[in-house]
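Written below as structure tokens is the structure these notes are about.
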Amino acid sequence: MTRYHVTQTDSRRQASYVIMAKMAASMVESGEDAFRKIFKFYKRRNPPPDFSDVIDFSRGVPSAKVISAKLDLAAVSDTEAARVGLQSVRDWRAFSLQGYPGFIFISNPFLLGSQPFWVRQCLKTYPQKPNVCNLDMHMSPSDTQDIWGKSIHGLSGPPSGKRESKTLLERLRWVTLGYHYNWDTKTYSANHYTPFPDELHWLSFQITAACGFPGFNAEAGILNYYRSDSCLGIHVDESELDHSRPLLSFSFGQSAIFLLGGTCRQDPPTAMYMHSGDVMVMSGQSRLLYHAVPRIIPAPQGHTALEMEGCSLASPLQDSTVLEQMSEQDWAVCSRYIQSSRVNVTVRQVLGPGQSFPETPSQHHRTDAGQTDEYHEGSVDGERPKRKRSSSCDSIDIGET
Ligand code: SIN
């Protein structure tokens with residue numbers, strides 16, 4: 001592993017470490033946990049927070065904490081990578097973070113022009129039945145049957161500036177795939193399963209293989225749709241039955257601040273930017289760490305690099321590719337949507353090899369002893385009601401600031 005050198009002046013960085021350390025000490029005194037305090041710091045609108053401590057992996061080597069990650073270059077051929085829209089693994093910029101073993105951040109490994117396909121999958125394909133989404137909670141199946149088709153009129157062309165009612169796509173907050181996550185019981189079950197999308201399985205399979213986890217089986221996915229004022233509360237993803245398999249996260253559209261904490265809420269988290277195309281792998285000791293998204297960061301002048309990139313693929317589609325050429329009309333809707341939104345996809349393997357669900361759901365429902373009930377950050381349009389729950393997790397609801 002190569003150790004990178006500090007790029008900012010040491011004195012400035014040391015000063016901000018001292019401020020963070022003081023902040024952490026005062027939180028312990030005030031009884032507020034360190035993670036929550038830093039979450040609130042980055043969520044604050046007025047005055048806006050100082051972002052100088054936020055690690056930006058797209059800038060190469062931004063911090064003394066950043067280490068380049070070693071990938072298994074032989075695990076994925078260039079053809080296999082290109083088939084799912086990825087650059088050759090040799091060209092990926094992959095990083096680890098000191099103090100977070102098993103955490104790998106890959107700064108946008110997608111081939112030029114291939115992200116739009118994945119964005120379209122998230123907006124047009126994955127919200128379709130039989131997948132489950134927040135709108136199903138209070139709308140009839142016929143109303144949520146064609147979210148894309150019912151939204152494209154409102155999302156074609158530039159915003160009119162007039163107050164318009166939100167399209168279904170703009171009201172979408174989450175979609176579940178494969179084993180559908182039950183937000184109330186925080187469990188997956190054998191009898192609530194629909195086929196996991198093949199192309200997303202292969203994308204996840206190649207990335208995890210390059211990160212040293214061959215044979216990953218994508219079994220569940222959660223898509224979170226963020227508007228510019230959304231956030232995601234502090235939580236741990238622990239509902240999967242096998243934690244030895246990594247958790248993958250893909251980000252598209254607007255950037256976000258991601259906080260990665262420790263195994264307890266007193267551990268102050270590290271803040272990092274997640275830009276469009278960035279991929280995160282949480283494995284090993286980092287698989288069960290607290291994390292959250294306190295803020296979406298609008299792109300300067302309202303345009304992300306992805307919008308500039310456009311939907312033309314840099315090279316012709318291969319025979320065996322999972323990618324599809326995208327129509328100008330589909331891209332117009334997608335690019336209008338991501339002008340103000342972010343989509344995150346997390347992919348999980350729920351069961352270990354040969355493992356099956358226990359007989360009754362209660363047998364695999366985890367409640368961590370010694371933790372107090374946590375209150376949810378917030379809910380959107382009443383679609384995921386605020387509720388108390390007994391676990392070490394905080395909200396995984398997307399709340400609005
Ligand atoms: C994210 O949106 O980046 C995080 C999603 C999650 O933790 O489930």
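The values are calculated or read from the model by the stated rules, or taken from the named source; none is laboratory data. Bear in mind the structure is a predicted one, so any value in this text is a computation, not a measurement. As a convention, Cβ positions derive from the backbone with ideal geometry for all residues, glycine included, and neighbour counts pool all protein chains shown. Side chains are part of the model used for accessible areas, which takes the heavy atoms of the whole protein and leaves out ligands, DNA and RNA. Shrake-Rupley method; radii C 1.70, N 1.55, O 1.52, S 1.80 Å.
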Exclusive hit being farther than 19 Å from Val279 by Cα and without any contact (Cβ under 8 Å) to a residue 40 or more places away in the chain, set Thr187, Thr144: Thr144
statement: Residue hits (segment 72-91; closer than 19 Å to Phe103 by Cα and surrounded by 20 or more Cβ atoms within 10 Å (Cβ to Cβ)) are Val89
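So is Gly310 open to solvent by 10 Å² or more (accessible area, probe 1.4 Å), within 29 Å of Ile55 (Cα to Cα) and under 24 Å from the mean Cα position of the chain (by Cα) or not?
Values: open to solvent by 10 Å² or more (accessible area, probe 1.4 Å): yes; within 29 Å of Ile55 (Cα to Cα): yes; under 24 Å from the mean Cα position of the chain (by Cα): yes.
Considered against the rule, which asks whether it is open to solvent by 10 Å² or more (accessible area, probe 1.4 Å), within 29 Å of Ile55 (Cα to Cα) and under 24 Å from the mean Cα position of the chain (by Cα), Gly310 comes out as yes.
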field: segment 302-327 residues that are more than 13 Å from Val119 (Cα to Cα), paired with ones that are part of a loop (DSSP other than H, G, I, E, B) and open to solvent by 80 Å² or more (accessible area, probe 1.4 Å) (beta carbon under 6 Å, 6 or more apart)
entry: Ala314/Leu112
- request: Need at least 3 residues that are on the phi > 0 side of the Ramachandran plot and at pLDDT 95 or above per element, so show me which helices (runs of 4 or more DSSP H) inside segment 28-127 make the cut, counting only ones lying wholly within it.
  value: none
Count - residues of segment 234-261 that are out of contact with any helix residue (DSSP H, G or I) (no Cβ under 8 Å at 6 or more places or on another chain) and either without any contact (Cβ under 8 Å) to a residue 40 or more places away in the chain or within 10 Å of the ligand (Cβ to nearest atom) (or both): 8
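Name the residues in segment 117-134 that are among the hydrophobic types (A, V, I, L, M, F, W, C), touching a Ser or Thr at 6+ places or on another chain (Cβ under 9 Å) and crowded, with 21+ Cβ neighbours inside 10 Å, would you? Walk me through it before giving the result.
Let us first name the residues in segment 117-134 that are among the hydrophobic types (A, V, I, L, M, F, W, C), namely 117-119, 122-123, 132-133.
Remaining after also requiring touching a Ser or Thr at 6+ places or on another chain (Cβ under 9 Å): 119, 123, 132-133.
Matches in segment 117-134: Val119, Leu123, Cys133.
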task: State all residues of segment 105-116 that are under 20 Å from Gly261 (Cα atoms) and either open to solvent by 20 Å² or more (accessible area, probe 1.4 Å) or of a type in the set (Phe, Trp, Tyr) (or both); if no residue qualifies, say none.
output: Phe105
- request: State whether one or more residues within segment 195-203 are farther than 14 Å from Val350 by Cα, in contact with a Pro (Cβ under 6 Å, 6 or more places away or on another chain), within 16 Å of the ligand (Cβ to nearest atom) and in contact (Cβ under 8 Å) with a residue 12 or more places away in the chain.
  value: no
